[in-house]
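Below: one structure, written as structure tokens.
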Amino acid sequence: MKQGIYSSTTRTYPNQLFVARTSVASLRIPNYAWIGMVLIAMGLLATATIYRERQSLRAAQASYNHTQQKFQEAQITNELMRKDLQTIQQDKNTIAREAQNKLNYVRRNEVVVVVR
């Protein structure tokens, strides 16, 4: 019997390196422990998945709310532009007034006073 690197009860066989003699019962983990570990692992995986999905749902909800707000702003702007267009089409003096205000046009015989 030769002395092994791990224990004094190690034997050498012709085609194998070392075979240690240990009792199988001392290395065996009970079935309920395996089942418990598997259940804990499944619970942790499920919790991580649920957390990740809730985060993505919150991000999608925030994006939806932002898009909804932009849509409402666009609708308000659209209504204002429609009213302005309707006013311009009905009243011809409105065009001249807008030209004077926005483009700084001056009518004939009008005096411009610059205030600083």
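Here are some notes:
- Filter result for the condition that a residue is modelled with pLDDT under 95 and not in a helix (DSSP H, G or I), over R107, R97: R107
- Verdict on I95 being surrounded by 10 or more Cβ atoms within 10 Å (Cβ to Cβ) and within 28 Å of the chain's Cα centre (by Cα): no
- Summed over region 78-96, the residues that are among the hydroxyl-bearing types (S, T, Y) and within 20 Å of E110 (Cβ to Cβ) give a count of 1.
- Of all residues in region 37-53, one or more are surrounded by 10 or more Cβ atoms within 10 Å (Cβ to Cβ) and either of a type in the set (D, E, K, R) or not in a helix (DSSP H, G or I) (or both).
The values are calculated or read from the model by the stated rules, or taken from the named source; none is laboratory data. Note that the coordinates shown come from a computational prediction; the quantities given were computed from them, not determined experimentally. Every residue, glycine as well, gets a Cβ built from its backbone with ideal geometry; the counts of neighbours run over all protein chains shown.
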